[in-house]
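Mind having a look at this structure? Questions to follow.
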Amino acid sequence: MEYTEYYKAFCKRVSIYRKLLGYDQGLMAEKLGMTKPEYSNRESGRSMMSGDDLKRFHNVGADIDKLLVNVERKDSKHIISDYVAEFERDSQKEYVRGVISEYVLYLCEQRTDGANDELDKYIRLLKSIEKDSTSDSMLKCIRDANDIKDQQIISDSLGISRFKYSKIENNKEYPDAMVLIRLYDIYGYLPSMYLDVYDTQLIVLDYIYDSLSESEQAQILKFMDSIKQLV
């Protein structure tokens with residue numbers, strides 16, 4: 001399927017979502033903080049849906065992954081994210097999240113049976129996030145995780161200029177809907193992970209935790225219990 005067809009399918013899902021809510025285009029536009037012509041042009045595909053537009057959809061309760069690529073986020077036990085949320089101060093949360101990340105990566109490195117391709121993909125991403133979780137964008141982390149040195153390689157695969165790619169990677173703007181669809185097709189990470197609507201590091205940690213064996217999960221839980229005595 002050509003990417004233009006993927007985008008048309010996305011616009012169709014947006015239209016269906018609006019109708020399921022019982023909204024006309026004017027009311028949907030109002031909910032999103034747009035004029036009716038602005039919204040109409042986006043729903044019809046005449047104007048590109050920007051990353052900021054998609055964040056507005058998320059803020060009104062839409063599943064932007066389902067809209068963009070017709071895939072829902074994996075169900076998760078949220079063991080690690082719920083644990084980190086128990087800490088009150090942001091500095092505590094950042095510290096605990098980082099320490100748990102280091103321990104999870106250590107456990108993964110000790111595995112003797114290896115990891116499947118899906119799990120390995122998230123382990124590599126977590127390693128990249130751990131390098132500089134405070135400033136690197138999701139795109140930069142993906143480039144590092146795949147050992148791609150030149151921005152031009154990814155910008156060419158996404159069909160955008162290197163200048164535009166650089167702006168996205170350096171957090172100057174969010175990727176638009178078409179770029180997000182292409183990114184999912186190439187790398188397999190959900191579009192919402194590029195839009196700062198969730199804590200990406202915690203999403204990755206929860207997914208890795210759920211993918212590990214019961215004995216490995218038990219080790220992580222024991223480790224997290226010990227952290228409370230230190231923080």
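I'd like the residue in region 54-94 that is free of Cβ contacts under 8 Å to residues at least 24 places away in the same chain and of a type in the set (K, R) and, out of all such residues, is surrounded by the most Cβ atoms within 10 Å (Cβ to Cβ).
K93
Can you tell me which residues in region 207-223 are in a helix (DSSP H, G or I) and surrounded by fewer than 19 Cβ atoms within 10 Å (Cβ to Cβ)? First the steps, then the outcome.
As a first pass, look at region 207-223 and keep what is in a helix (DSSP H, G or I): 207-211, 214-223.
Those that are in a helix (DSSP H, G or I) and surrounded by fewer than 19 Cβ atoms within 10 Å (Cβ to Cβ): D210, S211, E214, S215, E216, Q217, A218, Q219, L221, K222, F223.
Using beta carbons and a limit of 8 Å, which pairs, at least six apart or on different chains, have the first residue in region 19-35 and free of Cβ contacts under 8 Å to residues at least 24 places away in the same chain and the second one assigned to a loop (DSSP other than H, G, I, E, B)?
A29/T35
Which one of these is farther than 30 Å from Q110 by Cβ and surrounded by fewer than 17 Cβ atoms within 10 Å (Cβ to Cβ): Q229, Q152?
Values: Q229 fails: farther than 30 Å from Q110 by Cβ.
Unique residue meeting the criteria: Q152.
Counting just the residues of region 31-82 that are of a type in the set (K, R) and over 15 Å from the mean Cα position of the chain (by Cα), which one comes out farthest from V14 (Cα to Cα)?
Only one residue fits best here, namely K77.
Continuing with this model, one more query. Got a sec? Which helices (runs of 4 or more DSSP H) wholly within region 12-59 have at least 1 residues that are touching a helix residue (DSSP H, G or I) at 6+ places or on another chain (Cβ under 9 Å) and more than 25 Å from L183 (Cβ to Cβ)? Give the steps one after another, and end with the answer.
Working: elements: 25-32, 36-44, 51-59.
Hits in region 12-59: 25-32, 36-44.
From M28, M34, M49, grab the single residue that is among the aliphatic types (A, V, I, L, M) and in contact with a Cys (Cβ under 9 Å, 6 or more places away or on another chain). First the steps, then the outcome.
Details: M28 fails: in contact with a Cys (Cβ under 9 Å, 6 or more places away or on another chain); M34 fails: in contact with a Cys (Cβ under 9 Å, 6 or more places away or on another chain).
Just one listed residue meets the conditions, M49.
Among the residues of region 7-26, is there at least one that is touching a Phe, Trp or Tyr at 6+ places or on another chain (Cβ under 6 Å) and surrounded by 15 or more Cβ atoms within 10 Å (Cβ to Cβ)? I'd like the intermediate steps shown before the answer.
Restricting attention to region 7-26, the residues satisfying the condition of being touching a Phe, Trp or Tyr at 6+ places or on another chain (Cβ under 6 Å) are 25.
In the following step, the residues that additionally are surrounded by 15 or more Cβ atoms within 10 Å (Cβ to Cβ) were identified as 25.
So far as region 7-26 goes, yes, one or more of its residues are touching a Phe, Trp or Tyr at 6+ places or on another chain (Cβ under 6 Å) and surrounded by 15 or more Cβ atoms within 10 Å (Cβ to Cβ).
Every residue, every condition in (1) charged (D, E, K, R); (2) at pLDDT 95 or above; (3) surrounded by 14 or more Cβ atoms within 10 Å (Cβ to Cβ), yes or no:
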site: S101; (1), (2), (3): no, yes, yes
site: E109; (1), (2), (3): yes, no, no
site: N116; (1), (2), (3): no, no, no
site: L119; (1), (2), (3): no, no, yes
site: Y122; (1), (2), (3): no, no, yes
site: S133; (1), (2), (3): no, no, yes
site: Y174; (1), (2), (3): no, yes, yes
site: P191; (1), (2), (3): no, yes, yes
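Give the residues of region 197-231 that are acidic (D, E) and touching a residue at least 24 places away in the same chain (Cβ under 8 Å), sorted by residue number.
Listed by number, the residues that qualify are D199, D206, D210, E216.
So, one more: Among the residues of region 95-109, write down those that are free of Cβ contacts under 8 Å to residues at least 12 places away in the same chain and under 20 Å from the mean Cα position of the chain (by Cα). It would help to see each step written out before you state the result.
The first filter runs over region 95-109 and keeps only residues free of Cβ contacts under 8 Å to residues at least 12 places away in the same chain, leaving 106, 109.
Within region 95-109, none qualify.
The values are calculated or read from the model by the stated rules, or taken from the named source; none is laboratory data. Bear in mind the structure is a predicted one, so any value in this text is a computation, not a measurement. Glycine gets a Cβ as well: all are built from the backbone with ideal geometry, and neighbour counts include every protein chain shown.
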